[in-house]
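Okay, so here's the structure we're looking at.
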Amino acid sequence: MDWLTANKIPVGKTAKIVFDWLKDNASGFFDALSALMQALIDAILWVLQTPHPLVIVGVFVALTYALQRSWKTALLVTAGFLFILNQGYWKATTESLTLVLSACVVCMALGVPIGIATAHRPRLHAVLQPILDLMQTLPTFVYLIPAIVFFGIGMVPGLIATVIFVLPAPIRLTHLGVVSTPQPLLEAARAFGATPNQVLWKVELPYATPQIMAGLNQTIMLSLSMVVIAALVGANGLGVPVVRALNSVNTALGFESGFIIVVVAILLDRMLRMGGPK
């Protein structure tokens, strides 16, 4: 087997060459992207941290009731946020929510149009399919290396790594929703003289809305699962006490902060669940 290992395919070396070239020749693009992402993060963080915590809790509860029309769900969200305040994790929670909301903005802004494009262009879907598989199966720690190289440390590299990991979900679910539109419905719309844009906006997207909302839900859950990993590159939030607990073998801190992450995940899932029981 020596002959096989002696002719090793230079995967790692090729990746290094590509990253070095991008770092040397595309630094302006990465600086601009970093500034844009940082501005988005700062804006969301300001909105969540400037008002009194109870004001933000009230907004989330009102949004929950508006979406779910269930006082039980609204009461659950209220109890969850009051528990977070009681445990002293409000600042860390708002920082994690900032990362999650920023990832949602970027992923949905990119994922929905790309999903629509792949639904209308089978060749594009065939090309993107292995790329999306790679994005979801490559260990998330691997994303942190180029993120640090191009963006340094802080919230921005955590956001970039999160977006790369999460983006396939809204793309695939949007694609599934659009291609699932019944053909008789499309043919009826075209028979009445609907243009391609009218078919998209008045037939395909309304029919695909449940799948798109499922993509949003998955985006939020997957983004929240990245908070601990993002903490390894300097991103603030609930991942920081988890990492600190791991380094110091602090069982109490680890369970406490981990339980808060679970509570946040449950609250966000109940807030945005579509078509579930009331």
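The values are calculated or read from the model by the stated rules, or taken from the named source; none is laboratory data. Keep in mind that what you see is a predicted model, and the values were worked out from it rather than measured. Quick reminder, even Gly has a Cβ in these numbers, built from the backbone with ideal geometry, and neighbours come from all protein chains shown. Side chains included, ligands, DNA and RNA excluded: accessible areas come from the protein's heavy atoms. Shrake-Rupley method; radii C 1.70, N 1.55, O 1.52, S 1.80 Å.
Ile220 meets the stated requirement of being assigned to a helix (DSSP H, G or I) and open to solvent by less than 30 Å² (accessible area, probe 1.4 Å). When Thr78 is tested against (1) modelled with pLDDT of 90 or more; (2) within 28 Å of Pro168 (Cβ to Cβ), exactly one condition is not met: (2).
In the set (1) modelled with pLDDT under 90; (2) within 25 Å of Ala66 (Cα to Cα); (3) touching a Pro at 6+ places or on another chain (Cβ under 7 Å); (4) not basic (Lys, Arg), Thr219 fails one condition alone, (1). The helices (runs of 4 or more DSSP H) found wholly in region 116-206 and carrying at least 2 residues that are out of contact with any Lys or Arg (no Cβ under 9 Å at 6 or more places or on another chain) and over 21 Å from Thr14 (Cα atoms) occupy 122-137, 155-166, 168-179, 183-191, 196-199. Looking only at region 104-120, which residues are without any contact (Cβ under 8 Å) to a residue 12 or more places away in the chain and either among the polar types (S, T, N, Q) or open to solvent by less than 30 Å² (accessible area, probe 1.4 Å) (or both)? Scanning region 104-120 gives a single hit, Ala117. Pairs only if they're at least six apart or on different chains, beta carbon under 8 angstrom, first in region 250-267 and charged (D, E, K, R), second open to solvent by 30 Å² or more (accessible area, probe 1.4 Å); list them, first residue then second. Hits for this filter: Glu256/Gln87. Looking at Leu253, Leu173, just one residue is open to solvent by 20 Å² or more (accessible area, probe 1.4 Å), on the phi < 0 side of the Ramachandran plot and over 21 Å from the mean Cα position of the chain (by Cα), and that residue is Leu253. When Glu95 is tested against the conditions (1) over 30 Å from Leu200 (Cβ atoms); (2) over 17 Å from the mean Cα position of the chain (by Cα); (3) buried (at least 18 other Cβ atoms within 10 Å of the Cβ), the lone failure is (2). Going by the structure shown, is Ile164 touching a Phe, Trp or Tyr at 6+ places or on another chain (Cβ under 8 Å), open to solvent by less than 60 Å² (accessible area, probe 1.4 Å) and not charged (D, E, K, R)? So Ile164 fits the description; yes. The number of residues in region 123-147 that are in contact (Cβ under 8 Å) with a residue 40 or more places away in the chain and open to solvent by 70 Å² or more (accessible area, probe 1.4 Å) comes to 1. Of the candidates Lys72, Lys8, the single residue that is over 26 Å from Gly152 (Cα atoms), among the charged types (D, E, K, R) and outside any helix (DSSP H, G or I) is Lys8. Taking the criterion of being modelled with pLDDT under 85 and among the aliphatic types (A, V, I, L, M), the residues of region 232-245 that qualify are Leu232, Val233, Ala235.
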